[in-house]
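Chemist: Dumping the structure here so I can ask a few things about it.
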There are 2 protein chains.
Amino acid sequence: MKAKISIICIGVRDFEKSRSFYRDGLGFPTHNYMMGDDHAMFAMEGAWLSLYPRDKLAADAGAPSDGAGFSGVTFAHNVSSKERVDLLFTELIGAGAKPIKSPQDAAWGGYHAYFADPDGYLWEIAYNPFTDLT
Amino acid sequence: MKAKISIICIGVRDFEKSRSFYRDGLGFPTHNYMMGDDHAMFAMEGAWLSLYPRDKLAADAGAPSDGAGFSGVTFAHNVSSKERVDLLFTELIGAGAKPIKSPQDAAWGGYHAYFADPDGYLWEIAYNPFTDLT
């Protein structure tokens, strides 16, 4: 596993308010954002920042969204193919990561899996056919 | 403000267990770690990952550590001088960021300030005289 965090995704309660805060307040440039989208990515130097409604982010990871056990933040490590998602997930579970969601097609059109670190922070292993952040 | 997350710091409950997980399990390289340290940084491609005991991270930010209001994760945006911490903090508060900790010397030897985004996620504006991640 390359030592890289591709994306940090934060679950937000008021999407428009948060999008405005990061775009207008902090001045981060959005990537391919279209009005009405319920998800925004900011093209950053290094790890990208992504916003998603908190309940949807929890659902995407298969985690409860009620605070307990879900910090509201996920870390994504992107790889270049579905097969690499499968291989890396198996490798990391063998190394002690806690499986949360087994490798599968993702609702957003990619392929992914989730594991938890010792504190329950969620990491997504993702293949994204649209944007290469590997 | 440059669109860059310099460091993601996660508050951990069992430091040695988490350090081992990220170093040995995921294979991330530590930066200047010495046995006995209660803080570890991993030199990553892009944003670095940092581990710190959860209660100490909350205290560093001046946030309660009991879950409510503290996700356990902070984002650091590093700048090149104390003056830039002051200037950027003032600018961001003017842009709508919620002040959490005003610019001041940090216990770890640098200089920093904290603000919160609309969901309460904490961002540190930091000048680190030891490691340049600007």
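The values are calculated or read from the model by the stated rules, or taken from the named source; none is laboratory data. Note that the structure is a prediction, hence the values are computed from the model and not measured. No Cβ is skipped: glycine too gets one built from the backbone with ideal geometry, and neighbour counts run over all protein chains shown. The accessibility values were calculated without ligands, DNA or RNA, using every heavy atom of the protein model including side chains. Shrake-Rupley method; radii C 1.70, N 1.55, O 1.52, S 1.80 Å.
Chemist: From largest accessible area down, sort A:S18, A:S80; use a 1.4 Å probe on the protein chains.
Modeler: A:S80, A:S18
Chemist: Rounded to the nearest 500 deg cm²/dmol, what is the calculated helix-only ellipticity per residue at 222 nm for the protein assembly as shown, with -39500 (n - 2.57) per DSSP H run of length n ≥ 4?
Modeler: Calculated at 222 nm, the ellipticity per residue is -5500 deg cm²/dmol.
Chemist: Compute the helix-to-body angle for A:82-94: its Cα long axis versus the longest principal axis of chain A, expressed 0 to 90° and rounded to tens.
Modeler: Orientation of helix A:82-94: about 60 degrees from the principal axis.
Chemist: Shifting gears a bit: Kirkwood hydrodynamic radius for chain A: how many Å is it when counted over pairs of different Cα atoms?
Modeler: Answer for chain A: a Kirkwood hydrodynamic radius of 15.1 Å.
Chemist: Then there's this: Roughly speaking, what is the stretch gain from A:Q104 to A:S81, that is 0.36 nm per residue apart minus the C-alpha to C-alpha distance, in nm to one decimal?
Modeler: The span from A:Q104 to A:S81 would gain 7.1 nm if fully extended.
Chemist: How big is the A-B contact in terms of buried accessible area, both chains counted, 1.4 Å probe, rounded to the nearest 100 Å²?
Modeler: The A and B chains share an interface burying roughly 3200 Å².
Chemist: Given springs between every Cα pair under 10 Å in a Gaussian network model of chain A, which of A:K56, A:K101, A:K17 has the largest fluctuation?
Modeler: Evaluated over chain A, the most mobile residue of the options is A:K17.
Chemist: Got a sec? What order do A:D60, B:D37, A:D55 fall in by accessible area at 1.4 Å, biggest, i.e. largest, first?
Modeler: A:D55, B:D37, A:D60
Chemist: If I compute solvent accessible area with a 1.4 Å probe over the protein chains, what percent of it on the stretch A:49-134 is carbon and sulfur?
Modeler: So the carbon and sulfur contribution to the accessible surface is 51 percent.
Chemist: Something else now. So what are the ³J(HN,Hα) numbers for the stretch A:127-132, from phi and the Karplus equation (6.51, -1.76, 1.60; θ = phi - 60°), rounded to whole Hz, Gly and Pro as x?
Modeler: After applying 6.51 cos²θ - 1.76 cosθ + 1.60, I find 10, 10, x, 9, 9, 8 Hz.
Chemist: Something else about it: Is the protein assembly as shown rounded, prolate or oblate when judged by the Cα gyration tensor, a ≥ b ≥ c being the square roots of its eigenvalues, rounded requiring a/c under 1.5 and prolate requiring a/b larger than b/c?
Modeler: It is oblate, given that a/c is not under 1.5 and a/b is not larger than b/c.
Chemist: While we're looking at this one, here's another question. Rounded to the nearest whole Å², what accessible area per residue is found for chain A with the 1.4 Å probe?
Modeler: 43
Chemist: Next question. Quick check: pseudo-label points 7 Å beyond the Cα along Cα→Cβ at B:F130 and A:D37, how many nm apart are they?
Modeler: 3.9
Chemist: Using a loss threshold of 30 Å², tell me which positions in the stretch A:98-134 are less accessible in the complex than in their chain alone. Probe radius 1.4 Å, ligands and nucleic acids ignored.
Modeler: Residues meeting the cut-off: A:D117, A:P118, A:D119, A:Y121, A:W123.
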